[in-house]
Amino acid sequence: MVRKQSSPPEEATGRRTAAADVVGMWVTADGHIRQELRADGRYDEARGNRRSAYTGRYTVAGHHIDYVDDTGFTATGDIRDGVLFHEHLVLYKEEQALVHQSLTQPTSSRGPSRQEPASARETRSAMRAHICGGLEYIGKWAQ
């Protein structure tokens, strides 16, 4: 009897990542590494002041990304809950990186207090809830 192979597990949200979801600029929380995933299946990664440190192509299958750089080096990544885990890196969509950075920095290093737009407050609140929900999920999983 031949058993049909099941499809890869979906994210906790029940939604699989579409290729269009990955297109855009992905950034580490400190902004040092910036990876642009383009709609044509190419990527361009900058590190610090070094533009185009790594370039190549990528493919998306579900929430998994396979990279092949122009020298033939391969790497992988997975997107979980809107966060790209690429080998040892954690990258956020550029807009999310700014919010994540402000959530993880101590209050004293955020600079002078200023009134932020309501949309930024709402985004920060949503990210905080997202992060706390993830930590709660991890805590339940670890038990």
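The values are calculated or read from the model by the stated rules, or taken from the named source; none is laboratory data. These numbers were taken from a predicted model, which means no experiment stands behind them. Note: ideal-geometry Cβ built from the backbone for every residue, glycine included; neighbour counts use all protein chains shown.
Report the residue count in segment 63-85 for those that are assigned to a loop (DSSP other than H, G, I, E, B), of a type in the set (Asp, Glu), closer than 18 Å to residue 33 by Cβ and under 18 Å from the mean Cα position of the chain (by Cα). The number of residues fulfilling the criteria is 0. Please work out if residue 51 is of a type in the set (Lys, Arg), at pLDDT 55 or above and either in a helix (DSSP H, G or I) or under 21 Å from residue 30 (Cβ atoms) (or both). In short, yes. Out of (1) surrounded by 17 or more Cβ atoms within 10 Å (Cβ to Cβ); (2) modelled with pLDDT of 95 or more; (3) not charged (D, E, K, R), what's the single condition that is false for residue 96? Against the list (1) surrounded by 17 or more Cβ atoms within 10 Å (Cβ to Cβ); (2) modelled with pLDDT of 95 or more; (3) not charged (D, E, K, R), residue 96 comes up short only on (2).
The combined condition, being surrounded by 11 or more Cβ atoms within 10 Å (Cβ to Cβ), at pLDDT below 70 and among the β-branched types (Val, Ile, Thr), is not fulfilled by residue 83. Exactly one residue among 31, 14, 72 is among the small types (Gly, Ala, Ser) and either modelled with pLDDT of 95 or more or touching an Asp or Glu at 6+ places or on another chain (Cβ under 8 Å) (or both), and that residue is 72.
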